[in-house]
Ligand SMILES: [Zn+2]
């Protein structure tokens, strides 16, 4: 016996999601079938809202809610307490959330929505660098921190932007996140590139208490 078309369509839709296999898809579909209509439909509405109300921030390309009062602005860009002299450049909105959750950075962000990846055929022109350069034209920014991923593509993205921004805005400090040793690592087991980063990204010790 086969499922009716409606049920099968739902199972197929769930199985196409990341991390959900055929078995789980079936279980979710039957769970929804048993739920009161209102509860099941609220899920459908949440998906509908996600696709109709979420857009990219008109300034930094972070995720933002669509607004009827003009261009969409994300929470960070709307926050008047943010330090507007620093912009941290990241690849994806998820990276922004991770850095912001650390609570140590209080500046603004710029989300590239991708990275320079020659093997995938993407270069600077596929990213939101034009928007970043426009922001830098404003003259308020003193430092750009590159928060790209510490891998080949992330480093290529950094190098490419470093050149573009460095040429046009020689007065802006360009930095990148230190990588170095993770807490709990033992130096003897750290690999060379980690140690190299740790040494290059070393920090001056406070003179307090000495
Ligand atoms: Zn924003």
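Just so it is clear, none of the values below were taken in a lab; they were calculated from the coordinates. In this text the structure is predicted, and so the values were computed from the model without any measurement. Backbone-built Cβ (ideal geometry, glycine too); neighbour counts: all protein chains shown.
Considering the zone a paramagnetic label at residue 142 would reach in this model (a point 7 Å from Cα along the Cα-to-Cβ line), which residues of region 159-175 have amide N under 16 Å from it? Residues 170-175 fall inside that zone. Sorting 161, 1 from the fewest to the most surrounding beta carbons within 10 angstrom yields 1, 161.
Output the 0 to 90 degree angle, nearest 10, between the alpha-carbon long axis of helix 5-15 and the longest principal axis computed from the alpha carbons of the chain. In the chain, helix 5-15 runs at an angle near 20 degrees to the longest axis. Got a sec? Which residues in region 102-116 would a label at residue 94 touch, if it sits 7 Å along Cα→Cβ and we count backbone N under 14 Å? Taking a point 7 Å out along Cα→Cβ of residue 94, the residues of region 102-116 whose backbone N falls under 14 Å are 113-115.
Debye-formula intensities of region 76-200, expressed as log10 I(q)/I(0) at q = 0.13, 0.17, 0.20, 0.23 Å⁻¹, are -0.57, -0.93, -1.21, -1.43 (one equal scatterer per alpha-carbon, no solvent). Where does helix 152-168 land angle-wise versus the long Cα axis of the chain, in degrees 0 to 90, nearest 10? With rounding to tens, the tilt is 50 degrees. Here the Gaussian network model covers the chain, with springs between Cα atoms less than 10 Å apart; of 148, 185, 55, 185 fluctuates the most.
At 222 nm, what helix-only mean residue ellipticity would the chain give, in deg cm²/dmol to the nearest 500, using -39500 (n - 2.57) for each DSSP H run of four or more?
Using -39500 (n - 2.57) per qualifying helix, the result is -13000 deg cm²/dmol.
Name the residue, out of 160, 67, 37, whose mean-square fluctuation peaks in a Gaussian network model built on the chain with Cα pairs under 10 Å. Judging by the Gaussian network model, the answer is 37.
Each of 87, 172, 54, 145 was scored by other Cβ atoms within 10 Å of its Cβ. Listed from fewest to most, they are 54, 172, 145, 87. Each of 163, 51 has some number of other Cβ atoms within 10 Å of its Cβ, and from fewest to most they run 51, 163. Between 0 and 90 degrees, the angle of helix 37-53 with respect to the longest Cα principal axis of the chain falls at about 40 degrees. Comparing the chain with the 2.2 N^0.38 Å rule of thumb, its C-alpha radius of gyration ratio is 1.34 (two decimals).
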